[in-house]
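Chemist: Take a look at this one; I'll ask things after.
Any read-out appearing in this document is the output of simple, stated calculations on the displayed coordinates, not a laboratory observation. Since this is a predicted model, take the numbers as computed values, not measurements. We place every Cβ from the backbone using ideal geometry, glycine too, and count neighbours over all the protein chains shown.
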Amino acid sequence: MNLPANRQHTIRGLSPGTRLGRHVVVRRLGSGGMAELYLSRLDGPEGFVKPVALKLMHPHLSDDAHFARMFLKEARIAATLEHPSIVQVLDVGEFGGEYFMALEYVHGRDLRRILADQKGKPPPLGCALRIVLEIGRALHYAHRLRDSTGRGMGIVHRDVSPSNVLISYQGAVKLADFGVAKVVERSTATASGSLKGKMGYMSPEQCLQEHVDARSDVFALGVVLYETTTARRAFRGEQPVAVMNDVIDGVWKAPSELVSDYPSRLQQIVTRALEVDVEKRYASAEAMVEEIEAFAREAGIDTRVEVLAEFLSERYGQPALPDLEVEQPEAPQIRSLVAEMSGQAPIVEGPAANPSRRWVTGLALMGVLALGGLLGWQAGRSSDDPAASDRIDARPAPVQDMATAVPPNSEAAVVEPAVPVAVAKPGEAQPTKAPSVDPTTETPTAATEPAEAAPKPKAKRRRRKKKPRKTETERAREILFPGSP
Amino acid sequence: MASVPDDEDQEIALLYAWRAGDRGAGDRLMRRYYGRVLGFFRLRAMTAAEDLTQRTFLACTESRERLRVSSFRAFLFGVARNMLLKHMEAESRKAQTMDEFGVGRPQSVLSPSGVVAQRREHWLLLRALDRLPDESQTIIALFYVQGLRAREIADVLGMPTSTVTTRLSRSRDTLRSEVEQLRAPVEVRRSLLSDLETWARSLGALTESESHPR
C-alpha cells in the first residue's frame, strides 16, 4: 500500500499503549469492513480509568472521501442520539490521517453470539421479549427525533440485526452501529442508492431500493423477534438473491412450526411486523412495543431486566471487567479534534499516567469480548483470519510524530513496547523474536529506556486552560455540529 | 472477451505445460481466468465462491486426462460446473441434517467478497435468474456472462450443440417471464426488459469487478 510513511503504522494496527487523544489502546478486538475496533481506556484524574471501544477507520478507506464521509456521518448521527439503549459516541478524532470514534464500552456479548451459543434452543421468552422491547424503544426514540428547529430528522437505522445488538452482563440492551443509518429527509434520491444492510434483515422495500422509513426498522425488529424467540433465522440461504426473493415474497416458516408451544398472539405480532406491504405493518416501533408489552402482561411473562441478567449470569457467569493495564511505551502526537475545539490544541501527549505500571498478562485470560456489533459489516471476521492477526501483532507499530522517540541503534527500545500484546485468542500470533526497526518510521532521537521508564516528553504538555468542564458528549458534539448550541 | 482459435490452442498448451510442472504457465492461465471463474461461482454460491475457485484451478492440474473439449475455457468451466454441483448437493444435505442456526453469517451486500450491484436492474435480473432451474442458470451464465459459444457450452454440459441452442432460447424466455412476474418497480422492470441481453452481459463485469485473487 502506497501511503505516506506517517500513516504506515495504522495499517499494521495500533500497538497497546498507543495514545489517541485521551484514549490509550489496550488491545485490538477485531476488524470490520470499515473499521478496526480496539479496547482502549480513557484516563481521568486521580487514576480514574474507564474502558471505551475505539473504532478506527481502515487507512485504505480514509483515502476514499466517500468512506470518510460515511464514517463521519455515522458519528454525526450517533452523537445526536442519547438513549440508554443506544451505544453512545464519546469522542471523535483523527489519528495519523485516520478517523476514530470512541464508543461506550459494553461489557457483555452481542445478540448474535448469545443466540449462536444457544445452539438452536431459544432463550427464555421473557429474555427474548426484553431484548426486542428495548431495541424497539431505542428505535422509536431515534425515529421520532427532531432537530433544533423542531423538524423530524427521519433517522432510520437500516441495519438492525443481532450482531448490532449488544447486551451487557447486567442485562442492559444497546443498539449499535448507526453506520448505515439514514436521515431520510436529506436524501431524496433513494432510488439510485445502493443496498445497505444485511440480507435477511433488510425489509422488502430496502431490498427493492424503494423509499425507506421507520417501518423498515420495524420489519428488521420483527426478524429479530422471530430469531430470538425461535433461535432460527426467518430468512436464510447461501445466495443473497435467494434470501432477497424470500423477503420480497414474504416466504418464511411460521414460528409455531419451529417451536411447539409458540403463543399464537406472539405469532400474530411477528406476522404483522414482517408484512411485505408497509401499510399493513406496524406504523411505528412504538406500536409494536405496545403490543408485545400487552402480550407479555396478559401471558404473565416477566420481562424485567433481572430476568435477562439472571439468564446471562447462568449462561456466562460473572466475567470480570477487562483489564485495562498496559505498558506505556509510546507517546504519539495526535490531533484530537475534540481537544482542539475545546482549546487544548496542539496537544503533545506525554506517556499516560503511571508509566511504571507493568502490563498484565491477565489480559490473555480474558474472555472474548462481545463487541462484534460495533465492527459494522463482516463483524468478527478477523477472528477467522490468523493472517490478519499476524499482520497486526507480529511487530510493533512504530508511531510517528512521537514526542519521545527511539534511538536508532537500539532495537530493544522498539521491541520492548511491542511485547505487551494482549492476546485474547489462542490463535493470535505473539511476536517471537525482536522485530527489526522499520527504517521508514524510525526517528533518530536519543531517548532511552522508553519501555521501563517512559521518558519525559520533549515538548511540554500545554497547561490546560481553566474552563468549565464539558462532558465528553458535549465536546464530541462540538466538532460534529460546529456552530450549533 | 471471445478468444480467437490461436489463443485457444495456446491455452491448451499452457495447461499441459502447467500439468508438467511449469508454474509460469499456470500463473498465466490463473491470471486470465481467476476473476471469471470467481464470477461464475459468485452468481450461484456467494459464500463459497473463493474456495470453489481455488479448488477448480487445483483440479485442473490434478487431472491427467487429455482434453476432449473444444477449448481450455470449456474444460475449465466444465470443472467449475462439477464443483458447483457437488457443492450444492453438499449444501442441501447440510440444510436437511444440521440445525439451521449458526450456519454461515448473514450476508452483507457491502461485503468486499460480495457482488456489489449498484443498479436495481442487476438485482432484479439476479433475482429472476435465481428462480430458473439450475441448467438454465448455467447456460445463461456461460453464454451471456462468460461469453462462451454454444459449442463450448455443449462441452461443459455434455450435450449436443443443437440442444444447447434450443435450451438457451427457452431459458431466455423463462428469464423474461420471471422478470415480468417478480415484484419490482415498474421503471426498473421496463428498463431491464428493454435490453435483457445487454444487462445479462454486464453481469460479467459486475461479478468480476470486486475480485481479490490471492
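Chemist: First select every other residue whose beta carbon is under 9 angstrom from the beta carbon of A:GLU286; then total the charges, Lys and Arg +1, Asp and Glu -1.
Modeler: Summing Lys and Arg as +1 and Asp and Glu as -1 gives +1.
Chemist: Which of B:GLU178, A:GLU74 has the fewest other C-beta atoms within 10 Å, and how do the rest follow up to the most?
Modeler: The order, fewest Cβ neighbours first, is B:GLU178, A:GLU74.
Chemist: Per residue of region A:139-151, what does 6.51 cos²θ - 1.76 cosθ + 1.60 with θ = phi - 60° give for ³J(HN,Hα)? Whole Hz please, x for Gly and Pro, Karplus curve as stated.
Modeler: 3J(HN,Hα) across region A:139-151, in whole Hz: 5, 4, 4, 5, 4, 9, 4, 10, 7, 5, 8, x, 7.
Chemist: Describe numerically, in nm with one decimal, the distance between label points set 7 Å from Cα along Cα→Cβ at B:ARG68 and at A:GLU82.
Modeler: Taking the simple label geometry, B:ARG68 and A:GLU82 are separated by 7.7 nm.
Chemist: Continuing with this model, one more query. Once amide H atoms are built 1.01 Å from N in the peptide plane, which residues 5 or more positions from A:VAL92, or in another chain, come under 5 Å H to H?
Modeler: A:ALA102, A:VAL338
Chemist: Using only alpha carbon pairs under 8 Å that are at least six residues apart, calculate the relative contact order of region B:121-214 and give it in whole percent.
Modeler: 40 percent
Chemist: While we're looking at this one, here's another question. Could you line up B:THR161, B:THR47, A:THR228, B:THR207 from fewest to most neighbouring Cβ atoms inside 10 Å?
Modeler: Working: B:THR161 15, B:THR47 21, A:THR228 24, B:THR207 27.
Sorted ascending by nearby Cβ count, the order is B:THR161, B:THR47, A:THR228, B:THR207.
Chemist: Considering every residue in A:238-251, what mean count of other chain Cβ atoms within 10 Å of its Cβ is obtained?
Modeler: Partner-chain Cβ atoms within 10 Å, mean over residues of A:238-251: 6.
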